[in-house]
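What follows is calculated from the coordinates using simple rules that are stated; it is not laboratory data. Everything quoted here is computed from the prediction, not taken from an experiment. Cβ coordinates were reconstructed from backbone atoms using ideal geometry, including for glycine residues, and neighbour counts include every protein chain displayed.
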């Protein structure tokens, strides 16, 4: 079968990608609804920023360079833990946990994708592709970055700073409708109860390497963010 791929550039700084195979119209064709197309935006504009900030959860995907390494996908939440810092830049807070796959992968190659899905209202899936870096408590720009967030949680393991090189959304027709009840507070409460030395001991024991053996948390010389 021969595939025909068409890229249409609209006046709203959006590239709409449609295609058909052997005369069969797939979602994204001009004969389908307008919001079923894949749209590649030139930047994070005000509308996209509003959509991002309205979501209660997002997902982060990273992977090692090794072909036999494990791809990682992590859900992220907690109000105020993500900020849009510009038309091609976002950042989110990284709390201590049982693993450190995202940090390990970013230290090795930087590749990252963030996904946001509408579970209420108009269907939509938004993906931000880019290059990320972990900023640790002892790094020179940690305090400056941390001040850009509307919340100040205790014992941050790192801040993930992402330079976005592709902004893409799609229909989201397969995403279920779900109601938001509230954010859990166990994670922030757990870290608020730990002192600096306890956090350092936990990270040293649990987060030194990824499951594929890549370096994750570095040795901490500076105090953990309190």
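Miscellaneous remarks
- Rounded, prolate or oblate (a/c below 1.5 giving rounded, otherwise prolate when a/b exceeds b/c) for the stretch 86-226 by Cα gyration tensor: prolate
- Projected label distance in nm at residue 175 and residue 140, using a 7 Å step from Cα toward the beta-carbon: 3.9 nm
- Centre-to-centre, using Cα atoms only, the stretch 119-188 and the stretch 84-118 are separated by 7 Å.
- Extension gain, residue 185-residue 49: 0.36 nm per intervening residue step, less the Cα-Cα distance, totals 46.4 nm.
- Multiplying the residue separation of residue 147 and residue 129 by 0.36 nm and subtracting their alpha-carbon distance yields 4.0 nm.
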